[in-house]
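Student: Below is the structure I would like to discuss, written out as structure tokens.
The values are calculated or read from the model by the stated rules, or taken from the named source; none is laboratory data. Quick caveat, the model's predicted, so the values are computed rather than measured. Positions of Cβ are backbone-derived with ideal geometry, glycine not excepted, and every protein chain shown enters the neighbour counts.
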Amino acid sequence: MENELLQTVIPVAEMLIIKRDVDLLVKMATTQPRIDPIFINQIMPYMAMVGYEAVNFMNKIGANIEIDQKSKFSMVDVRNKAKFFDLKFTQIMQCTSNVDELQHRYFAEDMKYPKLAKWNIHDNLGIYFNSEKKVIGNTQYQVWIFQDNNTLKKPIDLMDRFMIQSRDANEFGHDVGGLIGQVSGSLEAAKDFMLHDVDFRYFKYYANDFNTNRCKTAENENYKTIRLLLLHILSSVGFMLYGAKKCIVRENGFLLRIEYIALHYALKRLSEIKKFLERDDMINDVKLLECASRFCFDGNSVLNADFGKCMRHYGLRDKDEKPAVISDKFDLALPFCGLIESYYDTTYSEYQILVESELEKIYTSLHEYLQIEAMLSPSSDVLIK
């Protein structure tokens, strides 16, 4: 009897969790001062993920919501960037290298004297920092977000070269916003009393420019590519801790969801990097191998396969489609309605501390290895007022 009651209330919880996520994103898009383009580009894959996964889940239960896209970018492709590039590791390496080469060619050709490009006096990478010199993003990652993976994973000379136009990115933003608006409208009847709020008044960032070609070794071009991939992981983790967390001032579940996803894929990619370094004798960097070896994806106590399925997709069911919430832990007043309490026997806040602690360990380790120093000059200061 108790299980039958749980089966009845689980759908209510699933709809409520989706509504909480989209409500926060609606507030993020409509709050004043307006959200900054640097922030929104970094969080865009997660917004696309919420819209896509919410529609996919609701259509399974008969909602019949269509994804009407006008932009040239694929919702699925951008969504997959939230998974730290959902490709085989060799393809991720190829994509990382290709984006770097595209940026090199773009900025080299933009020089007054393009023939000077071989001297590497131009910049092809911008890294964003907050006022505490924490890395919160980079330009190559934001270019990657809007690239088609099927094209990008080809050898560079077989690619169709194109740069991201701001109007195309804006059109995609409208597509995502419209999709989230549809979901929000469909769930208008689901009233909730949970607080959620964002505040961008003090979102302040600085940008420093670099040339990645000054990180080549005669032995192996993969050395630069690995360091760039580490930078993308650092940027995503740093954005969670020092960008998103600073601006989402009242949490309703969305922040922890994207923190968990960032942790899951950061650990997965670091594990793949470790295996790659152990196979590649040409990269002789003991500190790099030590850095990648500090983290464990398989068997990490903060991660769980069935729990992770509920975080990366919507729904409160395990792989066998059974309720993932224990009946005596079920509570609609909690951000995930008892999901965390069922798997970890701890509170939402305590579990979020564990996730953020793991993210901080990754950030500290990668930052110490990469040794990226910020120059916070007033000329590069951008303040949202």
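Student: If I filter region 287-306 for residues that are closer than 22 Å to Met58 by Cα, in contact (Cβ under 8 Å) with a residue 60 or more places away in the chain and out of contact with any Asp or Glu (no Cβ under 9 Å at 6 or more places or on another chain), do I get at least one hit?
Tutor: no
Student: Here is a check on your reading of the model: is Leu24 closer than 19 Å to Pro335 by Cα, touching a His at 6+ places or on another chain (Cβ under 6 Å) and either in contact (Cβ under 8 Å) with a residue 60 or more places away in the chain or part of a helix (DSSP H, G or I) (or both)? Break it down into steps so the answer makes sense when it comes.
Tutor: Details: closer than 19 Å to Pro335 by Cα: yes; touching a His at 6+ places or on another chain (Cβ under 6 Å): yes; either in contact (Cβ under 8 Å) with a residue 60 or more places away in the chain or part of a helix (DSSP H, G or I) (or both): yes.
Yes, satisfied.
Student: Here are Pro323, Pro335: which of them is within 22 Å of His196 (Cβ to Cβ) and either out of contact with any Cys (no Cβ under 9 Å at 6 or more places or on another chain) or acidic (Asp, Glu) (or both)?
Tutor: Matching residue, one of Pro323, Pro335: Pro335.
Student: I would also like to ask the following. Consider Leu366 against the criteria (1) more than 25 Å from Leu195 (Cα to Cα); (2) surrounded by fewer than 16 Cβ atoms within 10 Å (Cβ to Cβ); (3) not β-branched (Val, Ile, Thr): it satisfies all of them except one. Which criterion is unmet?
Tutor: Only one criterion is unmet by Leu366, namely (2).
Student: Need at least 1 residues that are surrounded by 15 or more Cβ atoms within 10 Å (Cβ to Cβ) and at pLDDT below 80 per element, so show me which helices (runs of 4 or more DSSP H) inside region 83-173 make the cut, counting only ones lying wholly within it.
Tutor: It comes to 89-109, 149-152.
Student: What about Glu341, is it surrounded by 13 or more Cβ atoms within 10 Å (Cβ to Cβ) and out of contact with any strand residue (DSSP E or B) (no Cβ under 6 Å at 6 or more places or on another chain)?
Tutor: yes
Student: I'm told Ile17 meets every condition in (1) surrounded by 18 or more Cβ atoms within 10 Å (Cβ to Cβ); (2) β-branched (Val, Ile, Thr); (3) at pLDDT below 90; (4) over 19 Å from the mean Cα position of the chain (by Cα) except one. Can you identify the failing condition by its number?
Tutor: (3)
Student: Do we find that Ser293 is on the phi < 0 side of the Ramachandran plot and out of contact with any Leu (no Cβ under 6 Å at 6 or more places or on another chain) in this structure?
Tutor: Answer is yes for this residue.
Student: Quick one: is Cys247 in contact with a Ser or Thr (Cβ under 7 Å, 6 or more places away or on another chain), buried (at least 20 other Cβ atoms within 10 Å of the Cβ) and not small (Gly, Ala, Ser)? Step through it out loud before you land on a result.
Tutor: Numbers: in contact with a Ser or Thr (Cβ under 7 Å, 6 or more places away or on another chain): no; buried (at least 20 other Cβ atoms within 10 Å of the Cβ): yes; not small (Gly, Ala, Ser): yes.
No, not satisfied.
Student: Something else about it: Would you pick out the residues in region 274-290 that are surrounded by 13 or more Cβ atoms within 10 Å (Cβ to Cβ), touching a Leu at 6+ places or on another chain (Cβ under 9 Å) and either modelled with pLDDT of 95 or more or over 14 Å from Tyr369 (Cα atoms) (or both)?
Tutor: Lys274, Leu277, Ile283
Student: Which one of these is touching a residue at least 40 places away in the same chain (Cβ under 8 Å) and hydrophobic (A, V, I, L, M, F, W, C): Leu339, Leu354?
Tutor: Leu354
Student: Go through (1) touching a Lys or Arg at 6+ places or on another chain (Cβ under 6 Å); (2) without any contact (Cβ under 8 Å) to a residue 24 or more places away in the chain for Asn59 and report which single condition fails.
Tutor: Here Asn59 meets the rest and fails (1).
Student: Next up: Which residue out of Arg227, Arg214, Arg201 is among the basic types (Lys, Arg), in a loop (DSSP other than H, G, I, E, B) and either within 29 Å of Ile353 (Cα to Cα) or more than 23 Å from the chain's Cα centre (by Cα) (or both)?
Tutor: Arg201
Student: Same structure again: Under 7 Å by Cβ, and 6 or more places apart or on different chains, what pairs join a residue from region 185-199 that is closer than 25 Å to Arg34 by Cβ with one that is exposed (fewer than 14 other Cβ atoms within 10 Å of the Cβ) and at pLDDT 80 or above?
Tutor: Cβ pairs passing all conditions: Leu195/Arg250; His196/Arg250; Asp197/Val249; Asp197/Arg250; Val198/Val249; Asp199/Val249.
Student: Right, here's the next one. Would you check which residues across region 27-38 are closer than 15 Å to Ser166 by Cα and part of a helix (DSSP H, G or I) and list them?
Tutor: Answer for region 27-38, where residues must be closer than 15 Å to Ser166 by Cα and part of a helix (DSSP H, G or I): Pro37, Ile38.
Student: Does Phe193 qualify as being of a type in the set (Phe, Trp, Tyr) and either over 24 Å from Met75 (Cα atoms) or modelled with pLDDT under 85 (or both)?
Tutor: Considered against the rule, which asks whether it is of a type in the set (Phe, Trp, Tyr) and either over 24 Å from Met75 (Cα atoms) or modelled with pLDDT under 85 (or both), Phe193 comes out as yes.
Student: Whether any residue in region 371-379 is more than 30 Å from Tyr202 (Cβ to Cβ), of a type outside the set (Lys, Arg) and at pLDDT below 95 is what I want to check. Walk me through it before giving the result.
Tutor: Here is the first cut: in region 371-379, the ones more than 30 Å from Tyr202 (Cβ to Cβ) are none.
No; the residues of region 371-379 include none that is more than 30 Å from Tyr202 (Cβ to Cβ), of a type outside the set (Lys, Arg) and at pLDDT below 95.
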